[in-house]
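Below is one structure, written out as structure tokens, with a few remarks after it.
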Amino acid sequence: MIKITIAIDGYSSTGKSTIAKQLAKALEYIYVDTGAMYRAVTLFAMRKGFVGGLEEDITSLCDDLSKIELRFKYNEALGFSEMYLNNENVEKAIRTLEVSKNVSRVAELQKVREMLVQIQQEMGKSKGIVMDGRDIGTVVFPDAELKVFMTASADKRAYRRYKELLDKGEKVSYEEVLKNVESRDYIDSHREHSPLRKAEGAIEFDNSDMGLEEQFERMYNFALRIIDKNKKDAN
Ligand code: DC
């Protein structure tokens with residue numbers, strides 16, 4: 001059975017995880033949300049007081065990275081894997097606006113990136129994986145057979161995220177969410193290590209005005225075509 005690697009990168013709240021989950025389900029592949037891993041490290045750093053307080057202590061965070069154990073555990077009822085930080089289910093705790101406000105700062109750190117990239121490459125070494133993030137097609141799996149770069153206008157993305165947070169019961173304003181989306185876009189694409197950019201050979205996908213069904217159909221067809229071609233090449 002020919003399996004490929006699918007790398008989905010793009011700006012925050014472009015719906016990367018939605019499409020990645022759908023593709024993984026349809027192809028019976030593993031899905032990995034790398035943003036959850038950066039968020040879990042950020043939560044660890046916030047709890048220790050290394051970030052998010054009045055003073056940052058990035059050196060101590062880097063010294064403490066060996067104390068972080070990250071694991072995805074599949075939740076049968078939900079149909080997707082949840083993030084565990086040192087054996088604690090942090091799936092909810094990592095999705096708050098507070099974590100979103102600090103995560104780009106933590107994701108800038110080369111030591112954090114090196115640690116997470118190594119784990120991600122290990123997870124994908126047998127292929128049959130859909131991974132989403134910011135550096136999957138550029139750094140983690142530059143040889144992925146299908147690379148996608150997702151974009152959508154900042155206001156559409158902020159609105160989607162705002163609704164998601166309201167649904168989860170967080171009290172946030174649209175303006176606050178838009179500011180966070182714009183500032184993360186800026187930091188993620190201007191940082192020194194592995195800045196967010198379209199990978200070589202990636203398909204650019206703007207879903208500002210596209211429904212979920214159409215988006216899935218298109219991506220699924222891209223994937224099937226590539227799998228088919230690989231099958232033919234292998235024969
Ligand atoms: O996908 P997300 O919004 O949950 O990601 C949270 C943050 O993590 C995002 O602002 C940038 C960072 N990130 C990263 O630098 N590299 C990745 N592969 C995934 C996420």
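The values are calculated or read from the model by the stated rules, or taken from the named source; none is laboratory data. All values derive from a computational prediction rather than experimental measurement. Neighbour counts run over all protein chains shown; Cβ positions are idealised from the backbone, glycine included. Side chains included, ligands, DNA and RNA excluded: accessible areas come from the protein's heavy atoms. Shrake-Rupley method; radii C 1.70, N 1.55, O 1.52, S 1.80 Å.
Figures for the structure shown
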| read-out | value |
| --- | --- |
| All Cα pairs of segment 65-122, percent lying beyond 20 Å | 33 |
| Cα radius of gyration and Dmax for segment 1-129 (Å) | 15.1, 53 |
| Overall dimensions of segment 63-198 as given by Cα atoms, namely Rg and Dmax in Å | 15.9, 43 |
| Carbon + sulfur, % of accessible area of the chain - ligands and nucleic acids excluded, 1.4 Å | 49 |
| Amide H contacts of Val32 (H built 1.01 Å from N, under 5 Å, at least 5 apart or other chain) | Val130, Met131, Asp132 |
| Sequence ranges 154-167, 7-20, 121-134, ranked by mean other-Cβ count within 10 angstrom, highest first | 7-20, 121-134, 154-167 |
| Accessible area per residue in Å² at 1.4 Å probe, computed on the chain | 52 |
| CD proxy at 222 nm, helix term only [per DSSP H run n ≥ 4: -39500 (n - 2.57); per residue of the chain; nearest 500] | -15000 deg cm²/dmol |
| Whole-number percent relative contact order across the chain, with pairs defined as alpha carbons under 8 Å at least 6 apart | 32 |
| Inter-site label distance for Met123 and Arg218 at 7 Å from Cα along Cβ, in nm | 2.6 |
| Gain on full stretching of the segment that runs from Ser183 to Asn230 - 0.36 nm per residue minus C-alpha separation | 12.9 nm |
| Value of D in µm² per second that Stokes-Einstein yields for the chain, Kirkwood Rh from Cα pairs, at 20 °C (1.002 mPa s) | 117 |
